[in-house]
Amino acid sequence: MCHGDYTLVSGPQRLQDLAKPPKTNDTLRARLGETPLVPPHLAADVAAGKRRFAIINVWRPITSFPVESKPLALLDATSAAADDLSVFEIHYVDRIGENYFGSHSDKHRSALIP
C-alpha cells in the first residue's frame, strides 16, 4: 500500500493555510507565533496562476541505524492512473486534510530509497 500526503484539492489548500498565522494543530506555532510560514503574497500568486509550488517531505530514519528492511519507495506518478487513487480525509482539531491511498498495479514504476 502507498499513500500521497496531499491531493489536488488539499495541496493548494494547505499552501493557503500556511499563508495565515499558525493554528492550534500547527507544530511550528510555538516558533512562528503569529507569523505565517509562507508569505501571503506568494500564496496569492500561486492561487492567481502566476507561480507554481511544491510541498516536499523530507524523510530520514528516526533510529541510529540505517533502514535495512521495508525501505522508503517512491512511485513514478506518471505510471499511476486516476483509478489507482482513493481520497481519504484526515480530521485535525482545526482543519480537514486529504490524502491519497494508492492501490497496487503491475503498471506502476517505483524506486527504493535505501
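The values are calculated or read from the model by the stated rules, or taken from the named source; none is laboratory data. Values in this document were obtained by computation on a predicted structure and should not be read as measured data. Don't worry about glycine lacking a Cβ; one is built from the backbone with ideal geometry, like all the others, and counts go over all protein chains shown. Only protein heavy atoms, including side chains, enter the accessible area calculation; ligands, DNA and RNA are left aside. Shrake-Rupley method; radii C 1.70, N 1.55, O 1.52, S 1.80 Å.
Structure data summary
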quantity	calculated
Kirkwood hydrodynamic radius of the stretch 1-74, Cα pairs, Å	14.8 Å
Surface share of carbon and sulfur [accessible, 1.4 angstrom probe, percent] for the chain	58 percent
Anisotropy class of the stretch 41-87 from Cα gyration tensor, a/c 1.5 cut	oblate
Around Lys107: net Lys/Arg minus Asp/Glu count, Cβ-Cβ under 12 Å	-3
1.4 Å probe accessible area per residue over the chain, in Å²	80 Å²
The stretch 35-114 - Kirkwood radius from inverse mean 1/r over Cα pairs (Å)	16.4 Å
Alpha-carbon centroids, the stretch 1-39 and the stretch 63-114: separation in whole Å	19 Å
Net charge, Asn25 excluded, C-beta distance under 11 Å - Lys, Arg +1, Asp, Glu -1	0
